[in-house]
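Here's the structure, in structure tokens; my notes come after.
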Amino acid sequence: MIKKFVHIAYITLLFCLSYNKIQAEENNDILTGADIAEILVNDTEMGIKANAVTSSYSMDNKKIEATGALQVSDALKFFSGVAIKDYGGIGGLKTISVRGLGASHTAVAYDGIIESNMQTGQIDLGRISTFQVNSIRLVNGTDNNLLQPAILSSSATTLNVESSKPIFTGNRYSINSSLRYGSFGTASAMLALSNRLSEKWASTLSAEWNESEGNYPYTQQNGNMSEVVKRENSDTKRIKTDIALMADNTILGNITIRGYLHSSQQGLPTNILYNPVTSERTWNNDCFVQGQIKKNLTERSTLLVVGKYSYNHSRYLNTDVNNSLGVTDNKYIQQQSYLSAVARYNLTDRLSASVAEDISYSTLNGNNFSILKPKRTQLNGAYRIKYAGERVVTVTGVNHIYTTDIDINRVSPFVATNIHLFPRHGINIRASVKEAVRIPTFNDLYFEQVGRRDLRPEKARLYSAGMVWSKNYRDTEFMLYSDFFYNDITDKITAVPGKSIALWMMRNIGHTISRGFENGTELSASYNDFSINLSASYTYQRAMDKTNPAGTTYNHQLAYTPRHSGSVILTLQNKNTGGSINNFASGAYYSNSYNGKEYRMPSYSETGVSVWHNFSVKNSTIQLRAEVINLFDTRYELVTNYPMPGRQFRIGTNITL
Amino acid sequence: MKNRLFLYIILLAVTACSDDPLFLDNSNNNAALQDQGIYVLCEGLFNQNNSTLAYFDKNSTEKNIYYSANNRKLGDTANDILYYDNKIYIAVSVSDYVEVIDAGSCKSIKMIPFGSETHSAQPRSIAAYQDKIYVCCYDGTVCRIDTAALSIEKSIKVGRNPDDIAIANQKIYVSNSGGLDFQNPDNTISVIDINSFTEIKKIQVHPNPGCMATDSDERLFVVSRGIYNQQTNSYDTRLHIIDTDKDAVSNTLNVDVTNIASDGSNIYLYGESKNKVTVMESATCQIYNNSFIMDGTQIERIYGIDINPRNGDVYICDAIDYVTPGSIFCFDKFGYLKFSFSNVGINPNEVVFANADNLNSSIQQQPLFRTPTAVLAYRPAPGQFVNEMPLYKEGDNDSIMRAKCLEKLSNTNSGYVSLGGFGGSITVAFVPGIENKADDYDFQILGNAFTGSAEPGIIRVSADTNNNGIADDEWFEIAGSEHLAGNITPNYTVTYLRPETPTSPIEWSDNNGANGIMDRLDSFHPQPYYPQWIEENSITVSGTLIHHNLEYVSGQWKSYPKDWGYADNQSNNNEKSKIKIEWATDLDGNPVVLEKIDFIEIITAVHLQEDLIGELSTEISSIIAL
């Protein structure tokens, strides 16, 4: 294991250092087109957030690094209003639920293009690596940017993972590589090679490999017996490769084309008392090709066309099954073709409108679905108008969704506004109202014995209001925000026991009201070579079951949703050395929808520390870093019986040329 | 503006307060248990290691007694529990072992492991016989464990995924469900000889056999769930009755059934509608109680039924929604709730009784309701159920038939007494008498009425004013809704003639000059319809006739009930089947005031018959003092 790692590290290093660099004429970052109909007080990251019509949280690549996150899911837990469901450990499935809505209400987009899983409706965020990610942005509702595919406009929450654009500091090539090695046999090597092909065109080729044995020790607490056990069958292997071609200002406008291949395999560990058997594994192979063309047709109009084809093959194997085959071997193949066209027109210098139409065709083949092979053609439309005045930004419109396999044809309105109330004091207030729908997935509808074909979409009515106070002075920026939210979710698609415990059915019978507030602050300051960056947040969330007033769980807090949670990330850098400390804390929560004291999971907090130093060698930068994850070795479980790892160490290096 | 803001703040505060979570009402009624201790096994949820064992008696409630006694958890998905010879055996299926604990202290004596490092056997159900314990495992095996050595002595192979195990007639029966192959289950029962512990036969049954029960005549009852139908989202179930002498299926009932329990002479079953219990006589397969629960107690999802062998109390486990903690309910043998415990644990699936093996008759519990202490007269008119309910055997006389009636009336689940056609009657005594509670119901006649099959009988009451224990005092008739509306004919008289051969139709004539023949339904009731133990060759009866008609609705004859005040008229869980003593009237129809009554007489009060249903006759299963 180590040998393999060293081998790859050596080759990467060799490759980087032996390359000839060619001087280029210009220094160009490839930038995406600007949104011209918006008057901003300032166009910094913080300024964009202050003017956003709904609350949004983001992390740039520096902050992602400061959290030590190798996967997007690890960075997300620091965001306000987010509860992570982590099925334990290094490779476990990770999904997020924002403001009590559930994982399916969050749309995940990669460079503005949706990632979708019609089978489960959930994206495993543990599979999206943070390498070559420029920013992660979470928008709670409506985005200021009208030039977005319709499907992103229609979800309750959008998570946009933006990839890094190549930065050519005077050369035709740039290389970014990263190596990490840490506890439990975790190793990863990543390499991105960018090439300036011509004045307008550039390409990036990246490859990643990571492996982890995942055999972290955890304590199996059983009364007064407490045994330290090593997690078994918890290994993960992943390789990913990605090639992108981009061009600016061509005849067709700005073009990006990307091809992506990902293959992973992992064991699914168990924690059954007195029974050591652990016999489940999964394999996932994904590939997609996506492209987008953005062109300013006239001075006032812009067209964005997006296309994507994706193919996903996943396999689940359990070798300890008492059926006649002795195994359960399920294979699923999902394919989706997607096309979106968005046209934006600036009616005046303050008023702009956009029309977006998306069409997608998805199919699923699997060996345990009811007779039909599920297929769905889905149309999404978004019709938006934005008014951006000196002190007011308002976005309003309707989203439309139509699907062919089940009878859904629904129009959902939304409106959001941001008012720069006291410009001298930097105070903005914002409010938004939106309806978002979540369509039943293929599993909900068709999965053997559980699916029901007469499901309706889940509806969420989202209300929020808040305030932002932002100030900047020379090299210091400061922001304080407070948002109150109220989400009313009806027709929740819930698994309900049917005629026997073996026979669960998906039905539209839940009703949840989730309300709370998110408060936080962001501060960044620099003085000469010293810089400090601080983010801190606190979320209070009361997500209650309101399904049946006579029911046993009426007004009980939803399972796995703590009422209180908070996070802090502090980064300090002086010249070439830096360090960061991060902390995530969660109050008590319940592992059962019935909040009996037997099901109360204790509060916990996890702290991480990292330090790094940058060396300059000729025109390249080498960074060495060391991290401790879960410094105080806190043991906790996010999902019952899936223990999280304790303290881990990691060392690594980033090389940028 | 300010006021409005203030209002909103108040509103917010108020709504915030009204969001308090409610917790399950812990209606713990330990005292009602009296001297009986019970253990409740709760399965928990798959992969959460949260199976629990609860214990209740009059002094204590222990929700997690296994954990308290042993300082460790029971494990994951405990499927079955057995009380045998002062030890309790628990099959903890997903944790792959059988736990043996001392019944008194609940301390672990031994954890018997099953399976291996790479294979889970999944022990599922346990049975015991003569110092050996037999465990069937989902991997297709049955293991024998000696109760002294507490280790697996021998293991044999049976069919696929054996679900339940039962012992009858010196043999072990195992239902091979094959349930893990969804669309291709198994369809056999393995028969294993106890002495040699080898499989001697496989009996073919409806696919997916599961729950089993035995009665005191060693009959084996098996539920077969069939193959799941994706279109209708349901199972196609059967109940098999297996003759354990021949080891063959003797009868198959096409009923909606998921699980069953037996008290020795009755089978209690529930099906896909998870909150209704049906009771069936095990010897005859007669379903005579379509809805065991009499008082409207709501059960969300029945997950288990167990009967206390000492007193016939019926314990029902309610899993609620299979995710949140469930409850248990205890009903007396009449179907009235005695007590319940809520928040017992997740998926309570079985109740076992302390000292179940050693019946201690001095701890008989008093049922909530009283039944007649004597049957003074049983004079049925001819009818299709006469000589059958109760059963007449050659040589029985009047005194024996009355004793049989008394046995039937002593609880609601031992069958009916049929009064035959118009004028047939039964007279019972209550010692002590039944007090007349002002403005409240005093007694109830339980019959077999359900919507569309009322067979009303008149009720008459009498007080033993001369205190001689004989019903020779003045009789008063309970005036029901039809009396008050004038839809009656008093002193209607009918004479029935003994037929030429016992199984010929019976001729009758009345005091209006009408006559007719009582038809027979030979395919259902081939026995004689004229009471066989009486000497007389004709029966003349006289009493109030209720004007009644049958209605032909959707291809069937329906007999809709009268409003109130009659026997076998409204269904048993309808309040209008209850009777108040203050409705009693004298011969002139004037109300009388009675402080208490000691005798009750019930007389069939309709004179009708129709094709396919035969004649209308009043049937009663019991008379209870409220």
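Things to note:
- Residues whose amide H lies under 5 Å from that of B:Ala584, counting only those 5 or more places away or on a different chain, are B:Ala479, B:Val592; hydrogens are built 1.01 Å from N in the peptide plane.
- Once both labels are positioned 7 Å from their Cα atoms along Cα-to-Cβ, the gap between B:Ile400 and A:Cys287 label points is 8.8 nm.
- Normalising the average separation of contacting C-alpha pairs (under 8 angstrom, six or more residues apart) by the number of residues puts the relative contact order of chain B at 10 percent.
- Using a cutoff of 8 angstrom between alpha carbon atoms and counting only pairs six or more residues apart, the relative contact order for chain A works out to 12 percent.
- Between A:Ile251 and B:Asp472, the simple spin-label model (points 7 angstrom out along Cα→Cβ) gives 12.5 nm.
- For B:Asn187, the residues whose amide H sits under 5 Å from its own are B:Asn208, ignoring neighbours fewer than 5 places away on the same chain, with H placed 1.01 Å from N.
- Compared with the direct C-alpha span, the chain from A:Asn367 to A:Thr169 gains 66.1 nm at full extension, assuming 0.36 nm per residue.
- When the C-alpha to C-alpha distance is required to be over 31 Å, the pairs from A:Lys308/A:Lys459; A:Lys295/A:Lys459; A:Lys373/B:Lys201 that qualify are A:Lys295/A:Lys459; A:Lys373/B:Lys201.
- Solvent-accessible surface of the stretch B:30-352, averaged per residue with a 1.4 angstrom probe and all protein chains in place: 33 square angstrom.
- Chain B against chain A buries an accessible area of about 4500 Å², both chains summed, 1.4 Å probe radius.
- Exceeding the 30 Å Cα-Cα cut-off - candidates B:Lys393/B:Lys562; A:Lys331/A:Lys434; B:Lys404/B:Lys580; B:Lys408/B:Lys558; B:Lys338/B:Lys596; A:Lys200/A:Lys375: B:Lys393/B:Lys562; A:Lys331/A:Lys434; A:Lys200/A:Lys375
- Structural size metrics of the stretch A:201-269, computed from C-alpha coordinates, are Rg and Dmax of 21.7, 73 Å.
- Legend: P(r) of chain A from all alpha carbon pair distances, 10 Å bins from 0, whole percents, reading 3, 14, 26, 29, 20, 7, 1, 0.
- Interface residues in the stretch B:96-121 - accessible area drops by 40 Å² or more relative to the isolated chain, probe 1.4 Å: B:Glu117, B:Ser120
- Whole-Å semi-axes of the ellipsoid equivalent to the stretch B:400-478 (Cα gyration tensor, √5λ, descending): 23, 17, 14
- Here the protein assembly as shown yields Rg over Rh of 1.07, to two decimals, using C-alpha coordinates and the Kirkwood radius.
- Per-residue ³J(HN,Hα) for the stretch A:244-255, Karplus 6.51 cos²θ - 1.76 cosθ + 1.60, θ = phi - 60°, Hz, x for Gly and Pro: 10, 10, 9, 8, 10, 6, 8, 4, 8, x, 8, 10
- Occluded residues from the stretch A:273-298, i.e. those whose accessible area drops by 50 Å² or more once the chain is not alone (1.4 Å probe): A:Leu273, A:Tyr274, A:Asn275, A:Val277
- Euclidean distance of C-alpha centroids, the stretch B:131-163 and the stretch B:497-536, integer Å: 57
- Packing-based order for B:315-326, B:90-101, using average beta carbon neighbours within 10 Å, highest first: B:90-101, B:315-326
- Buried on assembly, the stretch A:596-640 (at least 10 Å² less accessible surface than by itself, 1.4 Å probe): A:Glu598, A:Tyr599, A:Thr640
- Adding -39500 (n - 2.57) for every DSSP H run of four residues or longer, then dividing by how many residues chain B holds, sets the calculated 222 nm ellipticity at -2000 deg cm²/dmol.
- Normalised per residue, the accessible area of chain A is 42 Å², obtained with a 1.4 Å probe and no contribution from ligands, DNA or RNA.
- Computed over the stretch B:505-579, Kirkwood Rh from alpha-carbon pairs, angstrom: 16.0
- FRET efficiency for the A:His564 to A:Asn233 pair, using the beta carbon distance and R₀ = 35 Å, is estimated at 0.50.
- Taken one residue at a time, the phi angles of the stretch A:317-324 give Karplus couplings (6.51, -1.76, 1.60, θ = phi - 60°) of 10, 10, 9, 10, 10, 8, 8, 6 Hz. Gly and Pro are set to x.
- Full extension of the segment from B:Glu575 to B:Gln532, taken as 0.36 nm per residue of separation minus the current Cα-Cα distance, would add 11.9 nm.
- Those lysines that a straight Cα-Cα span of less than 18 Å connects to A:Lys63, excepting residues fewer than 8 apart in one chain: A:Lys49, A:Lys77, A:Lys165, A:Lys575
- Coordinate range along principal axes, alpha carbons of the stretch B:30-352, Å, largest first: 48, 47, 39
- Within the assembled protein chains, the solvent-accessible surface assigned to B:Glu507 is about 100 Å², based on a 1.4 Å probe.
- Separation in nanometres of the label points that stand 7 Å from Cα toward Cβ, at B:Asn229 and B:Ser523: 2.4
- Fraction of the pair-distance distribution of the stretch A:291-402 above 23 Å, Cα-Cα pairs, percent: 54
- Extension gain, B:Leu484 back to B:Asn71 (0.36 nm per residue minus Cα-Cα distance, nm): 141.8 nm
- Vicinal HN-Hα couplings computed from phi for the stretch A:582-592 (Karplus, 6.51 cos²θ - 1.76 cosθ + 1.60; Hz; Gly/Pro x): 10, 9, 10, 10, 10, x, 5, 8, 10, 8, 9
- A simple charge model with +1 on the Cβ of Lys and Arg, -1 on the Cβ of Asp and Glu and nothing else charged puts the dipole of the protein assembly as shown at about 7760 debye relative to its Cα centre.
- Rounded to 10°, Cα long-axis angle of helix B:2-17 versus longest principal axis of chain B: 90
- Relative frequency of Cα-Cα separations exceeding 37 Å in chain B, percent: 45
- Annotation: amide H-H contacts under 5 Å for A:Arg647 (H modelled 1.01 Å from N, sequence separation of 5 or more, or interchain): A:Asp633.
The values are calculated or read from the model by the stated rules, or taken from the named source; none is laboratory data. It should be emphasised that the depicted structure is a prediction, and the values quoted were computed from it without experimental measurement. Cβ: placed from backbone, ideal geometry, glycine included. Neighbour counts: every protein chain shown. The accessibility values were calculated without ligands, DNA or RNA, using every heavy atom of the protein model including side chains. Shrake-Rupley method; radii C 1.70, N 1.55, O 1.52, S 1.80 Å.
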